[in-house]
Amino acid sequence: MTLLLPQLNHIHKPPVVLYQRLRKPYRLPVIFAVSGKELILSGKVRAVEPKEAKTVVASEGYVLLDVRPAWEREKARVKGSLHVPLFVEDTDNGPITLLKKWIHLGYIGLWTGQRFTMFNDEFTLRVVEAVPDKQSKVLVVCGEGLRSLAAVSKLHGEGYKSLGWLAGGFNRVTEGDFPEIEGTEELRFATIGGVSFYLLKLLVLLPSFGQKSR
């Protein structure tokens, strides 16, 4: 558990955020990742290192639940994993949402390739439909480990008591941690998009290009 502290300590409890829409404030869905952090530190949710993941799924009967948005999963996914996104693309085209999308694109979207999202109101419903037995062992995973922390908090509150969390998410997965991968990218690169993705590709290619030019 000590090894996990550096990964968890940077997660802070955010304040309750109010947004202004047509002069009427509304509250965002309460899905604070800090609740997931407390569950991990208390031992109520099992933290699983990437090197353990294959054994946990194959030998211990855990269902692998991927909570990433669809566009990340399309790039790379574990064969046979269950997919229920915690966040989905916000398709509202009202003037205020369009303004938010424009700001998001300028500050985040172009660099990361991430789309403007909203909380999936049907998340727990879809998980319950797919895994109706709440005694089932479920290993929750995302790209970096933050969205999956929020997801385990939601699912623990829904009554699932045999939850696991992939520490650091797919970003920390190396070759062989999962036996069968589908998609066009490595799991650890699936979260990366936009300009940062092409920069990463360039950095990967530079060493081999330098060796060929010698």
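The values are calculated or read from the model by the stated rules, or taken from the named source; none is laboratory data. Since this is a predicted model, take the numbers as computed values, not measurements. Cβ atoms come from the backbone with ideal geometry, glycine included; neighbour counts cover every protein chain shown. Ligands, DNA and RNA are excluded from the accessible area calculation, which covers all protein heavy atoms including side chains. Shrake-Rupley method; radii C 1.70, N 1.55, O 1.52, S 1.80 Å.
Does Gly94 satisfy being modelled with pLDDT of 90 or more and of a type outside the set (A, V, I, L, M)?
Values: modelled with pLDDT of 90 or more: no; of a type outside the set (A, V, I, L, M): yes.
Judged against the criteria, Gly94 is not a match.
Read through the list (1) at pLDDT 65 or above; (2) among the hydrophobic types (A, V, I, L, M, F, W, C); (3) more than 21 Å from the chain's Cα centre (by Cα), then give the number of the only condition that Val16 fails.
Result: Val16 passes all but (1).
Any idea which of (1) without any contact (Cβ under 8 Å) to a residue 60 or more places away in the chain; (2) over 13 Å from Leu39 (Cα atoms) is the one Leu155 doesn't satisfy?
Every condition holds for Leu155 apart from (2).
Would you be able to tell me the number of residues in the stretch 47-89 that are open to solvent by 60 Å² or more (accessible area, probe 1.4 Å) and in contact with a Leu (Cβ under 7 Å, 6 or more places away or on another chain)?
Selection size over the stretch 47-89: 0.
Those residues that are over 9 Å from the mean Cα position of the chain (by Cα) and either of a type in the set (Asp, Glu) or open to solvent by 60 Å² or more (accessible area, probe 1.4 Å) (or both), I need them from the stretch 135-149; list them, please.
Correct list: Gln135, Lys137.
Among the listed residues Val127, Val152, which satisfies the condition of being more than 12 Å from Pro85 (Cβ to Cβ), at pLDDT 95 or above, open to solvent by less than 10 Å² (accessible area, probe 1.4 Å) and not small (Gly, Ala, Ser)? Step through it out loud before you land on a result.
Numbers: Val127 fails: more than 12 Å from Pro85 (Cβ to Cβ).
Selected residue: Val152, the only one of Val127, Val152 that is more than 12 Å from Pro85 (Cβ to Cβ), at pLDDT 95 or above, open to solvent by less than 10 Å² (accessible area, probe 1.4 Å) and not small (Gly, Ala, Ser).
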